[in-house]
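Below is one structure, written out as C-alpha cells; the observations come after it.
The values are calculated or read from the model by the stated rules, or taken from the named source; none is laboratory data. Small disclaimer: the values here were computed from a predicted structure and weren't measured. Virtual Cβ from ideal backbone geometry, glycine too; neighbours counted across all protein chains shown.
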Amino acid sequence: MTFFHKHIITGPIRSRRLGVSLGVNLLPVTEKLCNYDCVYCECGWDTRWEADPAELPTLQEIEEALRTALQKLKAEGTRPDSITFSGNGEPTIHPQFPQIAPMTAACVRESYPENPPLVTVISNATQIGRPEIVEALGHCTKVLLKLDAGTPQMYARINQLQKGFKLGSYEVKDDPESYYPQLLRNLENYPHPFTMQTLLFRGEHDGMPIDNTSGAEWEAYIQRLQRIKPASIMLYGLDRETPAKALKKLSKEELEAHADELRRRGFQSVQAFY
Ligand code: SF4
C-alpha cells in the first residue's frame, strides 16, 4: 500500500533512525514529487519531477503549520528528537527550500532554546551541486544524503532518475547512468559533515537483477565511500511495502555484517537499522 504524508506536518512519530520525529512535508499531499523513482519508494511510482508552484505549500504556510505544531508540543511538555524534512518526495526540490531551512532552524531554536531538537533533512543528494541548496543545508543540524549504488548501472536500476529531469546544463534523456559521476563529484565536494544513507537489498525489477550488497557492486560502493568520506554511515533495510514487488529485505544479521565490514575498512561511525 502506498504511504503518503497527508499534511505539511506529520507526527511526531517514533522513527527507527531518528527517534521521536516531527515530519515536515514540503511536497504535495496527494502524490509523490521526486526526480528519482526508486524501486523501493514507500510513496509508490511517480512520473513527475516538476511541480506547479500552486501545488506546493508556501513558506508562510509551512511556517504557520510548524509554529502551531511546536507550540502544541511545548504545551504538552513534549520535546521531539528531530524536526525532519521528509515526506512525499525530495524536499530540496521545493523552490523555497533556501528560505524554508533557515526559517525552520530559527523556529526550533525559539521553541527549545535550551536544547533544540535536530533539524534533519532526508535527501537524495541530487541538488547539492547548487550553492543555494548547500547553504540552506548548512542551517540543518543533521543531513542524510543518499547513495545506494557503487556503479552507474546499479544506480540507474535502483534510483531511476526521471527522464526529462534538468539540473543546470545536465538533462536526463535516455541515459540516467550518465548523471552518476556528477552525483559522486557533488558528494565528494559537499563542504559540511553529513551522514551517508544507504538502503541495502536484493531482488529484481523489469527483468534486471538488483543487488547492492555483494561482490563487485559492494566493493565499488566501499571505494566510493572512501573517496566521499562521509562523517557517518547509516545502513538500513526495507521497512514498508515497495512498488517493485520482487525485492528482498536483508536480515538483521546481514545488515550488521555489512556494518561490521565497513568498520573494519576504516569507517568510524556506522549504524545499521532494520
Ligand atoms: S529519493 Fe526518496 S522520495 Fe524520491 S523516489 Fe527515492 S525514496 Fe522516493
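If you check GLY89, GLY77, GLY150 for being under 28 Å from PRO243 (Cβ atoms) and more than 16 Å from the ligand (Cβ to nearest atom), only one passes: GLY150. Got at least one residue in the range 34-49 being touching a strand residue (DSSP E or B) at 6+ places or on another chain (Cβ under 8 Å) and among the hydroxyl-bearing types (Ser, Thr, Tyr)? Yes, some residue in the range 34-49 is touching a strand residue (DSSP E or B) at 6+ places or on another chain (Cβ under 8 Å) and among the hydroxyl-bearing types (Ser, Thr, Tyr).
With respect to the conditions (1) buried (at least 21 other Cβ atoms within 10 Å of the Cβ); (2) farther than 24 Å from TYR274 by Cα; (3) out of contact with any Phe, Trp or Tyr (no Cβ under 9 Å at 6 or more places or on another chain), THR58 lacks only one, and its number is (1). Candidates THR10, THR30: the one that is within 16 Å of the ligand (Cβ to nearest atom), at pLDDT below 95 and assigned to a loop (DSSP other than H, G, I, E, B) is THR30. Pairs are defined by a Cβ separation below 7 Å, a sequence spacing of at least 6 or placement on different chains, a first member in the range 119-135 that is in contact (Cβ under 8 Å) with a residue 12 or more places away in the chain and assigned to a loop (DSSP other than H, G, I, E, B), and a second member that is within 16 Å of the ligand (Cβ to nearest atom) and among the polar types (S, T, N, Q); the pairs so defined are ALA125/ASN186; THR126/ASN35; GLN127/THR92; ILE128/ASN186; GLY129/ASN186. Inspect the range 135-142 for any residue being in contact with a Lys or Arg (Cβ under 6 Å, 6 or more places away or on another chain) and buried (at least 22 other Cβ atoms within 10 Å of the Cβ) and give the result as yes or no. There is no residue in the range 135-142 that is in contact with a Lys or Arg (Cβ under 6 Å, 6 or more places away or on another chain) and buried (at least 22 other Cβ atoms within 10 Å of the Cβ).
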